[in-house]
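**Q** Before I ask anything, let me first share the structure, which is written out below as structure tokens.
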Amino acid sequence: MCDHHHLRSPAPVGIVDHVSSLSENFAELVETEDYADITLVVDGAKFRSHKVILAARSDFFRALLYGGMKESQPGTTEIELQDTPATAFASLLKYIYTGRMNLIEIQEENLLDILSLSHRFGFVELESAISDYLKAILNIRNVCHIYDLANIYSLTSLCNVCKDYMDRNAQEVLGSESFLSLSQASMRDLISRDSFCAPEIEIFRAVCNWAEHNKGQDPTPILEVVRLQLMEMHELLNVVRDTGLVSSDSILDAIKIQTESRDMDLKYRGFQVMEENVATIRLGATVIRGEMKTALLDGDTQNYDLDRGFTRHPIDGNNGHGIVIKLGQPYIINTIKLLLWDKDMRSYSYYVEISMDDKDYDRVIDHTSYLCRSWQKLHFPSRVVKFIKVVGTHNTVNRVFHLVSFECYYSSRPFHLDRGLVVPTENVATIKNSALVIEGVSRTRNALINGNTRSYDWDSGYTCHQLGSGAICIQLAQPYILSTMRLLLWDCDDRSYSFYIEVSTDQLKWTQIVDKHHEACKSWQTFAFDPLPVTFIRIVGTHNTANEVFHCVHFESPADTAVGNLINSVATVSGPPNSPRLGQVQQGPAYPILDMERGQSVSGSSSTSSLSESHLNAAQGALNVPPYYGPPPVLHSQQQQPHFLQPSPPQGLGDPLQPMGHYAGHMLQQQDVPEADRVDTH
């Protein structure tokens, strides 16, 4: 016996893998034609093959050779394949036998033929591999040919890559020779896209050249998607009319649209860059209106304070001029991200408008009726934009609007809007999403929304308030349309709670969406209700079977329904519960509040007693709570705008259960507020 050891790729012990040898042996069958039983005639060339191998590798050949067709009749030894290039078929036949093909060694024109044959004969894996390779070698010379073929064979992924490439290089593509070889359908599909951005007169001239080069085809369907209304008057009269390809009525209609329509109603073209901020200095964006312009687009979202790192405009007497960003060129965008100055508890109201000429503006975001803070992620239907204007209408601290950062881009991620507001699919009551707990007592700032639902005990990991005094209140960064929420009640023993939940957009009018006054609730609670705009969520405990404090470990909205095993209570609310609280404006604050303009604690009515009980009551007795050293309470005018109000720490609450002022009202130290607000510039 011989003992030859061939060099092979290592395989696990007990596994025999000689596929490489099998491929080599089958390749020899192609070269030697041994045991061949069928001859394929392709473009005059003859290829000796084996029926069983062809049938095993391709559904097309299985049907042809064994499916009862004429070619499968006994005695048939030769079959002619029509419309099949011989060179491409030779490469394909070798692939059929070996499963291998070196695409780099094949000329481009043959590669396109092989792609066509792989689609025709059903070699899906080869078709995909060639498509991926073609994506990597796209250039001005070949992109039109590849795009046409991808359209014919409905290769969606390859087609999209080609269109993206042509969008980025529109003017070069229009001037290329391969552009003239596009089919009518591919041509129309290409130039009808908003993202195929080039001067309209150049697009028109390229279509005229195509019509001249393809005299047998009607250019009318293509000319229908040329946007005559985007051309200058002299171009319509001196260029378009002289070609005779466009009727006088069409030219007059274009002139009428130009003169009678708003500029933002015209169907502009713009560049579409996926998931990339186009409001950057690198891409030519500039701030053309606003004070301290240089800070807005510098990309620094960390180093800002009372004096630097932001762009601003006065809210009064600004006449809607706001802060205006000019992009380097027209872009298609559907998402804007703003960072409002957030080094204290202040909130802002604002709106965003877009324009192509800095004269006619369309409002795409209107948050003038909402209180917003920190990061804003705004979505709207895709628009072509050259100018973006952000106008502040309210600041809860002073009369200046401050913007730290601005980004805009086109997002391919799906989003849903209702009443102009985002309908989120993931929890937005998180620190990451700039939500804030503005009332409640906890050892750790924002413990309620930090996402930790496991690390809590008798002493920490929860947020609470004294029954009959105050509440737990969360402010979202921006208004959302919400319809579900979930919370985790403290459940380290067998106690149960009663409570209700209200929501608001302005802290004036509260709508009760959950009423658990008369129910004993434990652990996880999930609620569904009719969708409505929400910025503030107020959770008010009404009963605890163990003591006089309401404790909540975690809050989220919308609810994460994937964690169904944690949910022991799901309430579906078809509408706000039948309650006298519904839709009513509260006549006075039900809990202490903080006048952020004066830096003073004010109170309409509420107890100033400390938390006399906690979870530790059951084991250790009452906590010794040091007094709260905040600003003294003062009488607050009922005529004062409630927009200026933010919750303040209940007096008498302190370590070890720190007052809510520690994590809410004291984010901006009290002594800093007057100094900051004495300066009108901030």
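Read the figures in this text as sums done on the coordinates, not as results from a lab. Keep in mind that what you see is a predicted model, and the values were worked out from it rather than measured. We place every Cβ from the backbone using ideal geometry, glycine too, and count neighbours over all the protein chains shown.
**Q** Project the alpha carbons of region 500-543 onto their principal axes and report the range along each, largest first, in whole Å.
**A** So the extents along the principal axes, rounded to whole Å, are 30, 19, 15.
**Q** Which value results when the Cα radius of gyration for region 141-232 is divided by 2.2 N^0.38 Å? Don't skip to the answer; put the middle values down first.
**A** Details: Rg = 12.2 Å, N = 92, 2.2 N^0.38 = 12.3 Å.
So region 141-232 has a normalised radius of gyration of 1.00.
**Q** Of the listed pairs Lys293/Lys343; Lys389/Lys509; Lys267/Lys377; Lys46/Lys94, which have alpha-carbon separations greater than 18 Å here?
**A** Working: Lys293/Lys343 20 Å; Lys389/Lys509 30 Å; Lys267/Lys377 26 Å; Lys46/Lys94 14 Å.
Correct reply: Lys293/Lys343; Lys389/Lys509; Lys267/Lys377.
**Q** On to the next question. Based on the Cα coordinates of region 286-415, what is the per residue volume of their convex hull in Å³? It would help to have the intermediate numbers written out before the result.
**A** Numbers: hull volume 14.1 nm³, N = 130.
Spelled out: Cα convex hull of region 286-415, divided by residues, is 108 Å³.
**Q** Same structure again: Using a 10 Å cut-off on Cβ atoms, rank the peptides 535-543, 258-266 from the highest mean neighbour count down. Write out the running numbers ahead of the final one.
**A** Details: 535-543: 21.4, 258-266: 13.0.
Output ranking for 535-543, 258-266: 535-543, 258-266.
**Q** Could I ask something else about it? Kindly identify region 255-319 as rounded, prolate or oblate by the Cα gyration tensor criterion: order the square roots of the eigenvalues as a ≥ b ≥ c, call it rounded if a/c is under 1.5, otherwise compare a/b with b/c, prolate if a/b is larger, else oblate.
**A** Working: a/c = 3.84, a/b = 1.60, b/c = 2.40.
Taking the square roots of the gyration eigenvalues as a ≥ b ≥ c, region 255-319 is oblate.
**Q** Over the Cα atoms of region 87-132, what Rg and Dmax result, in angstrom?
**A** Radius of gyration, then largest Cα-Cα span, for region 87-132: 9.2, 23 Å.
**Q** Moving to a separate point now. If the viscosity is 0.890 mPa s and the temperature 25 °C, what Stokes-Einstein diffusion coefficient in µm²/s follows for region 438-511 when Rh is the Kirkwood radius over Cα pairs?
**A** On the way: Rh = 14.1 Å.
Rounded to a whole number, D works out at 173 µm²/s.
**Q** Let me ask something else about it. Based on the inverse mean of 1/r over its pairs of different Cα atoms, what is the Kirkwood hydrodynamic radius of region 205-314, in Å?
**A** Numbers: mean 1/r = 0.0546 Å⁻¹.
18.3 Å is the Kirkwood radius here.
**Q** Separate question: In nanometres, what is the gap between the two model label sites at Thr32 and Glu224, each 7 Å from Cα along Cα-to-Cβ?
**A** With each label point 7 Å from Cα toward Cβ, the separation is 6.1 nm.
**Q** According to a simple spin-label model (label point 7 Å from Cα along Cα-to-Cβ), what is the distance in nm between Gln107 and Asn303?
**A** Rounded to a tenth, the inter-label distance reads 5.9 nm.
**Q** Something else about it: With labels modelled as points extended 7 Å from the Cα through the Cβ direction, what inter-label distance (nm, one decimal) is found for His517 paired with Ser23?
**A** 7.6
**Q** Okay, next question. Assign unit charges at the C-beta atoms only (+1 for Lys and Arg, -1 for Asp and Glu), then state the dipole size of region 478-559 relative to its Cα centre in Debye, rounded to the nearest 20.
**A** Values: 6 positive and 10 negative charges, 23 e Å.
Here region 478-559 has a charge dipole of around 120 debye.
**Q** Let me ask you something else. Within the P(r) computed for region 26-137, what percentage of the Cα pairs occupies the region above 17 Å?
**A** On the way: 3340 of 6216 pairs.
Looking at region 26-137, the distances longer than 17 Å represent 54 percent of pairs.
**Q** I need the peptides 409-417, 433-441, 229-237 ranked by packing, meaning the mean over residues of other C-beta atoms within 10 angstrom, with the highest value on top.
**A** Values: 409-417: 12.4, 433-441: 24.7, 229-237: 16.1.
Averaged packing, sorted descending, gives the order 433-441, 229-237, 409-417.
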